[in-house]
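Structure record follows, encoded as structure tokens.
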Amino acid sequence: MTVKEYNKCVDDHADGVYRFILKNIKDVEIARDIVQDAFAKMWEKVKDISGEKAKSYLFTAAYHTMIDNVRKSKRMTNTDDISQFDQGHESGYSDLKEILDEAVGQLPDIQRSVLLLRDYEGYSYKEIGEITNLNEPQVKVYIYRARTFMKNYLVSMDKVV
């Protein structure tokens, strides 16, 4: 195929290929890109294509480009859906440790201290009582209140969703 034949093919078939792709894709910009890609593929093979087969090659190239584009956009959509779910789940926090640190930071000082000693450091109720100068029942009450607050804080809808 010569350059003159290529230009004539562009003039004769560009609108038809565009309408064909647009009917399938239903997006003007994507249809334009696909048609342009099809003509670019045809230009790369211009020496191998005969003038009589130009229209057939052009429509075939446009069709395969359209199929590739549809497959690619489906993969990207699925990936976007996953990342949107993750962002929604994390509520803008980078990880669970950050959420826990914020929740612990909102506890009253005594509750924070006994909770950290029990759950983070692994001390017994008796040892915590000795460290904080509280009796064992008081330690249990403060830990219970701290855990209740943490549970309510972490399960609240604005933190989860």
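Read-outs throughout are calculated quantities, based only on the coordinates presented, and are distinct from any laboratory measurement. A quick note: this is a predicted structure, and the numbers were derived from the prediction, not measured. Cβ coordinates were reconstructed from backbone atoms using ideal geometry, including for glycine residues, and neighbour counts include every protein chain displayed.
Based on DSSP H segments of at least four residues, each scored -39500 (n - 2.57), the chain has a per-residue ellipticity at 222 nm of -26000 deg cm²/dmol.
A straight chain from ARG71 to GLU102 at 0.36 nm per residue would run longer than the Cα-Cα distance by 6.9 nm.
Using Cβ point charges alone (K and R +1, D and E -1), the dipole size of the chain about the Cα centre works out to roughly 660 debye. Taking every C-alpha pair closer than 8 Å and separated by at least 6 residues, the mean separation divided by the residue count of the chain gives a relative contact order of 19 percent. In this label model, LYS26 and THR132 are separated by 6.1 nm, measuring between points 7 Å along each Cα→Cβ vector. Select one label from [x] 63; [y] 58; [z] 69: the one whose number is percent of Cα pairs over 19 Å apart as derived from the coordinates shown. Recomputing percent of Cα pairs over 19 Å apart here gives the entry labelled [z].
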